[in-house]
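Enquirer: Handing you a structure now.
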């Protein structure tokens, strides 16, 4: 659909160093949108759309962020455990190096 409307979508591997998630430019008569693998976990959308607010508040109040607890909460709310981990990390409940084994990781290959 993008190509039919003059837009080229290109996926790029994450470039070490810059905090670049994507770039756009015009090449002749088409627009090129390049996306990297950086920031691929869509934190804001996950926070606002995937985790019920009241359920998450109650989960946080218990202060039990073990692997088993996160998996149980995720299953009860029909979401992936990695989404819960990302939200806990973003809200400062756990460190960014904790529970990352529960996240699904994607690699863009060229």
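The values are calculated or read from the model by the stated rules, or taken from the named source; none is laboratory data. Model, not experiment: these values are computed from the prediction. All Cβ positions, glycine included, derive from the backbone under ideal geometry; neighbour counts span all protein chains shown.
Enquirer: May I ask you to list pairs of residues, at least six apart or on different chains, whose Cβ atoms are under 9 Å apart, with the first in region 72-99 being at positive phi and in contact (Cβ under 8 Å) with a residue 24 or more places away in the chain and the second being part of a helix (DSSP H, G or I) and surrounded by 15 or more Cβ atoms within 10 Å (Cβ to Cβ)?
Expert: Sorted first by the residue in region 72-99, then by its partner, the pairs are 99/70; 99/81; 99/82; 99/84; 99/85; 99/88; 99/89.
Enquirer: Of all residues in region 1-14, count the ones that are modelled with pLDDT under 85 and surrounded by fewer than 14 Cβ atoms within 10 Å (Cβ to Cβ). Break it down stepwise before answering.
Expert: First, the residues of region 1-14 that are modelled with pLDDT under 85: 10-14.
Checking which are surrounded by fewer than 14 Cβ atoms within 10 Å (Cβ to Cβ) leaves us with 10-11, 13.
So the count comes out to 3.
Enquirer: So which of 101, 95 ends up being in contact with a helix residue (DSSP H, G or I) (Cβ under 9 Å, 6 or more places away or on another chain), in a loop (DSSP other than H, G, I, E, B) and surrounded by fewer than 16 Cβ atoms within 10 Å (Cβ to Cβ)?
Expert: Only one candidate passes the filter, namely 95.
Enquirer: In addition: Looking at region 80-90, is at least one residue more than 30 Å from residue 10 (Cβ to Cβ), at pLDDT 90 or above and exposed (fewer than 13 other Cβ atoms within 10 Å of the Cβ)?
Expert: Checking region 80-90: not a single residue is more than 30 Å from residue 10 (Cβ to Cβ), at pLDDT 90 or above and exposed (fewer than 13 other Cβ atoms within 10 Å of the Cβ).
Enquirer: Kindly establish whether residue 73 is touching a helix residue (DSSP H, G or I) at 6+ places or on another chain (Cβ under 9 Å), within 30 Å of residue 36 (Cβ to Cβ) and surrounded by 14 or more Cβ atoms within 10 Å (Cβ to Cβ).
Expert: no
Enquirer: Right, here's the next one. Return the pair list, or none, for Cβ contacts closer than 8 Å from residues in region 15-34 that are at negative phi and surrounded by 12 or more Cβ atoms within 10 Å (Cβ to Cβ) to residues that are at pLDDT below 85 and not in a strand (DSSP E or B), at least 6 apart or on different chains.
Expert: Close Cβ pairs satisfying both conditions: 20/38; 21/38; 21/39.
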